[in-house]
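Enquirer: Structure below; questions to follow.
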Amino acid sequence: MNSEFEEKLKREKGLSRDEQIRLEMALDSREHAEIRSWVGELTDEDPSLAWRSALNERLHAVRTPVRQPKMRWRWASVMGLGLASALTLTVYLVGLKPTANPGTTSSGEKASVEANLLAAHQDGLSMLDLGTGSPAERATGLGQQNGSFSEVDLGTL
């Protein structure tokens, strides 16, 4: 074999078709048949536990230590959660501000029927969200029954 071919084999570079055929013919020679039989007679042995343990110890010694996350990242996440909660609560409570007088607008003019209905509906939703009942329940006193219904109430359902 020439030196260029040997260099390709050493560096594990791709071989041309002719070089592959030459390699196969060289490996099929009698010299290699004897080596092939020796290799075939070898038993497949698992490494011993002592060897594995020694390898694990060496790998553990070589390994770079894992960095623990710094405490400031934990505090930053807690503070971010608190800030998000405060912002959500603020937006929620600002949206629940009651109107001073549902019959008038902010400029003091008389509001239309639609505006009054919309304001009453929004107030009712706000009260239901807060668990205080609707304006109709407060006006009629139906919300004061503590969950006891009469047959008349059940018949209207």
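Residue by residue, here is whether (1) modelled with pLDDT under 80; (2) assigned to a helix (DSSP H, G or I) holds:
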residue: Gly14; (1), (2): no, no
residue: Asp18; (1), (2): no, yes
residue: Ser37; (1), (2): no, yes
residue: Arg58; (1), (2): no, yes
residue: Arg67; (1), (2): yes, no
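Enquirer: Return yes or no: is Asp28 over 30 Å from Gly124 (Cβ atoms), out of contact with any helix residue (DSSP H, G or I) (no Cβ under 9 Å at 6 or more places or on another chain) and surrounded by 10 or more Cβ atoms within 10 Å (Cβ to Cβ)?
Expert: Yes: the conditions hold for Asp28.
Enquirer: For the structure I just gave you, tell me whether Glu45 is of a type in the set (Asp, Glu), surrounded by 10 or more Cβ atoms within 10 Å (Cβ to Cβ) and out of contact with any Asp or Glu (no Cβ under 6 Å at 6 or more places or on another chain).
Expert: The answer is no for Glu45.
The values are calculated or read from the model by the stated rules, or taken from the named source; none is laboratory data. Since we're looking at a predicted model, the values are computed, not measured. Every residue, glycine as well, gets a Cβ built from its backbone with ideal geometry; the counts of neighbours run over all protein chains shown.
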